[in-house]
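See below for the structure under consideration.
FYI, it's all coordinate maths here, none of it is from the lab. What you are looking at is a predicted structure, and each value in this text was computed from that prediction instead of being measured. So basically every Cβ, Gly included, is an ideal-geometry build from the backbone, and we count neighbours across all protein chains shown.
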Amino acid sequence: MVKNNEKAFPEGFFRGGAVTSFQTEGAWNEGGKGPSIVDARPVKEGQSDWKTAVDFYHRYKEDIALFKEMGFNAYRTSISWSRIFPDGEGEVNEEGLQFYDDLFDEMIANGIQPVITLYHFDLPLALREKYNGFASREVIDLFDRYARTVFKRYGHKVKYWLTFNEQNLVLTNPDFWGVKLEGAENEEALRYQVTHNAFVAHAKAVKSLHELVPGGQMAGMVTYMATYPNTCKPEDAIANMKAKELLVDFYFDVFAHGEYPSYITSDLKRKGIMPVFEEGDAELLKDNTVDYLSISYYQSQTVSAEKADGNWLISGVTPNPGLKTNEWGWAIDPIGLRVCLKDMYARYRLPIFITENGIGVREVLNENNTVEDDYRIEYLSEHIKQVKIAIEEGVNVFGYLTWGSTDLISSGGSFEKRYGFVFVNRGETDLRDLKRYKKKSFDWYKNVIATNGADLSYKESISVK
Ligand code: BG6
């Protein structure tokens, strides 16, 4: 039995799970919802579409009862913008607003604080077609209108908010913000303009929350992939530093300090592609910094100067050969999480909320209608242990949420990569009965929560499948 460190989390620590609307809800065209860019994604051969997901829209009471049984005191999901404004603009959809009212009421009645992401890569489709998504300033204003609508409606129920999920993906994946790059005069300049527009939209949402919701707490969030120099060569150290600046630091610097860091502006000015700052943008960013920082954490990689090809985007990132991986090649690195937490806290001194961490695995129900997911227990136990050590070392972490609670559709649109404590009986295209079954990790997590993180013990010598 591995006991791990026995110290409990601080009082009031948030523990629970995290998901999104489109990866769980289904009901893609019910309740007056309009289509989002996720609904319009081409479905890969043999994979799930997004229409049903795990049918959380109809089954949330059953799922929340299971979360309560595990002892969750927080659950992160996102609001689907196109449930609230089916076309992203125009008339508000009362049925969509009512759905989240009912959902949040149910969570609160079960002792679970909703933690809400405003935007998780699911722009109302009409805004991509009409405006090219966040390439347009119009969409910034529409996002603010949507944000203000939900703050006014739910501000007395929801205190912890996140603007954009993993905002640091905007430069590499502007399509997640509804932007098509085709036809751009200068593609790199457009990527940075969209990145700037996302910062402006983020800052406006921070401002609106603070105006409308007393005590409202807003995060800036990134996906934090820990990176290490590939060797002890100084060349690798500087290559790693540069990759990290573009991958992570740029975003935290703007969220926390309210201005572009000089390592970014020097580069953009040299290339002549500084984004257009409209009047008031610089002040808006400066005056509306965040209340806390949030990360998703799954894996680490290394950066090699030799492999960096001078490409303007993140370059030279290679797998860390010393670590085990999951079936999708994601390196398992619990200490990497502590490295990230310590670095963030030393730089920004802001409270940190870990809002995603977990392992995706191909799983089937066994003859006892459960899954013996010891690999998940080990993964989570080792990561939580590092969080507790980071706290002992002075880092202010106030919550930890696993990715998934029930199984859900993965970001790539596949159902075979399962993350939950609760198995959902469906296949890729075969929806079966969608029944819920507790995995072994269900009781393990319940005990972790019951002991406020003091008991992380698990059976030794299980390696990840
Ligand atoms: C995060 C996203 O990047 O990772 C989620 O916020 C996603 O939407 C999660 O599902 C896990 O990634 P994946 O690809 O395994 O689903």
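Counting only DSSP H runs of at least 4 residues, each contributing -39500 (n - 2.57), and dividing by the residue count of the chain, the helix-based mean residue ellipticity at 222 nm comes to -11500 deg cm²/dmol. Going by Cα centres, the range 4-61 and the range 423-454 are how many Å apart? Here the answer is 14 Å between Cα centres. The eigenvalues of the Cα gyration tensor, multiplied by 5 and square-rooted, give the chain an equivalent ellipsoid with semi-axes of 32, 28, 22 Å from largest to smallest. Roughly how far apart, in whole Å, are the Cα centres of the range 309-386 and the range 139-185? Distance between centres, Cα-based: 25 Å.
The order of the peptides 417-428, 44-55 by mean Cβ neighbours within 10 Å, most packed first, is 417-428, 44-55. Between the range 93-114 and the range 231-251, the C-alpha centres lie 42 angstrom from each other.
Sort 277-284, 106-113, 156-163 by the packing proxy (mean of other Cβ within 10 Å over each peptide's residues), most packed first.
Values: 277-284: 12.8, 106-113: 16.8, 156-163: 21.4.
Listed from highest to lowest mean packing, they are 156-163, 106-113, 277-284.
Ranking Ala189, Gly216, Ala226 by how far each Cα lies toward the positive end of the dipole of the range 181-229 (charges on Cβ) leaves Gly216 at the top.
One decimal place: the segment Phe277-Asp430 gains 50.2 nm when fully extended, by the rule 0.36 nm per residue minus the C-alpha distance.
Under 18 Å of direct C-alpha separation, and excluding same-chain neighbours fewer than eight residues apart, Lys180 reaches these lysines: Lys130.
Is any residue of the range 12-38 close enough, with backbone N under 18 Å, to a label point placed 7 angstrom from the Cα of Lys446 along the Cα-Cβ axis, and if so, which? Label zone hits: 15-17.
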